[in-house]
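**Q** Please read through the structure below; I'll follow up with questions.
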Amino acid sequence: KLILNIANAHTGFYIYSACLLINELDNKTYVISSAPNEYLKLWNMQGKHLNDFGVCNQSTYYVSTWFDSKSKKHYIINANSVDVKVYNFKDLSLFKTYKGTPNTWHMSAYVIERKDKYCLIESDGTGNIRVWDFETANLISTVSSTGINLRGLCIWNDQYVISSGS
């Protein structure tokens, strides 16, 4: 069993989210972690800190990765207190920002292929699920549920979006 413990990974009291990026291109696995009002952090599987990236004045609720099999690129998805940001894994540069109104907490985000285009689907703290064109960051559609703080999303069978909230 592999257990990775990164002591004092962030200076705050807790970590909001963490994920793995398994990079088939360099045959390595990485950990990405986030905490309130701190940069996202990139680690190797030995627990060595490799880099900070993103912005430090936003609280990330959700971090995940996505691999574009067509272009052979990895992306890091950051749903935070201001918007959803996607970073290029290769150089940790900002790829796109997806920002809807009202300005609210963005709780989770995924990328799927829909009608021959990649779409980013995200949920927010005011009951919205938004679908964005991944490449252009243009809003395609919004589904709203008034009074619900949507938390998690699950994409099932590439055609259903299941959400949870409070």
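**Q** Residue by residue, what Karplus-based ³J(HN,Hα) values in Hz, rounded to whole numbers, does the range 21-30 have, using 6.51, -1.76 and 1.60 with θ = phi - 60° and x for Gly and Pro?
**A** 10, 9, 9, 5, 6, 10, 6, 10, 10, 10
**Q** Continuing with this model, one more query. Can you tell me, using C-alpha contacts under 8 Å and at least 6 residues apart, the relative contact order of the chain as a whole percent?
**A** That works out to 12 percent.
**Q** Taking N as the number of residues in the range 111-161, what is its alpha-carbon radius of gyration divided by 2.2 N^0.38 Å?
**A** 1.13
**Q** Out of I3, L50, A35, whose Cα points farthest toward the positive end of the dipole of the range 1-147 (charges: +1 Lys, Arg; -1 Asp, Glu; placed on Cβ)?
**A** Sorting the options by dipole projection puts first I3.
**Q** I'd like the Karplus ³J(HN,Hα) series for the range 75-89: coefficients 6.51, -1.76, 1.60, θ = phi - 60°, whole numbers in Hz, and an x wherever there's a Gly or Pro.
**A** Those phi angles translate into 10, 10, 9, 10, 8, 9, 6, 10, 6, 10, 10, 10, 10, 6, 5 Hz.
**Q** What per residue convex hull volume, in Å³, comes out for the range 1-94 when only alpha-carbon positions are used?
**A** Dividing the Cα hull volume of the range 1-94 by its residue count gives 99 Å³.
**Q** Ok, one more. Any idea how far apart F95 and L25 come out in nm if each label point goes 7 Å out from Cα toward Cβ?
**A** Going by the 7 Å Cα→Cβ label model, 1.0 nm.
**Q** Would you kindly work out the equivalent ellipsoid of the range 49-117 from its C-alpha gyration tensor and give its semi-axes, the square roots of five times the eigenvalues, largest first in whole Å?
**A** 20, 17, 9
**Q** Treat the range 37-79 as a sphere of radius equal to its Kirkwood radius over Cα pairs and apply Stokes-Einstein at 4 °C in a medium of 1.567 mPa s; give the translational diffusion coefficient in µm²/s, rounded to a whole number.
**A** 110
**Q** Could I ask something else about it? Quick one: Cα convex hull volume of the range 1-40, Å³ per residue?
**A** 87
**Q** On to the next question. Any idea what log10 I(q)/I(0) is at q = 0.12, 0.15, 0.17, 0.18 Å⁻¹ for the chain, Debye with uniform C-alpha scatterers and no solvent?
**A** -0.53, -0.82, -1.05, -1.16
**Q** Additional query: Need the full-extension length gain, N44 to Y160, defined as separation in residues times 0.36 nm minus the C-alpha distance. One decimal, nm.
**A** That works out to 38.4 nm of additional length.
**Q** Going by amide H atoms built from the backbone, whose H comes under 5 Å of the H on Y16, apart from near neighbours?
**A** S34, A35
**Q** Taking the range 1-109, which chymotrypsin sites (Phe, Trp or Tyr not before Pro) meet the DSSP loop condition and have no more than 11 other C-beta atoms within 10 Å?
**A** For chymotrypsin sites (Phe, Trp or Tyr not before Pro) across the range 1-109 that sit outside H, G, I, E and B with at most 11 neighbouring Cβ atoms in 10 Å, the list reads F13, Y14.
**Q** Report the charge-dipole magnitude of the chain in Debye, nearest 20, computed about the Cα centre from +1 at each Lys and Arg Cβ and -1 at each Asp and Glu Cβ.
**A** 180
**Q** Would you kindly derive the ³J(HN,Hα) couplings of the range 112-123 from the backbone phi angles with the Karplus curve 6.51 cos²θ - 1.76 cosθ + 1.60 (θ = phi - 60°), listing them in order in whole Hz, with x for Gly and Pro?
**A** For the range 112-123, the Karplus-derived couplings read 9, 9, 9, 6, 6, 9, 8, 10, 9, 10, 9, 10 Hz, x marking Gly and Pro.
Each value in this text was obtained by applying a stated rule to the coordinates, not by laboratory testing. Quick caveat: nothing in here was measured; it's all calculated off a predicted structure. Don't worry about glycine lacking a Cβ; one is built from the backbone with ideal geometry, like all the others, and counts go over all protein chains shown.
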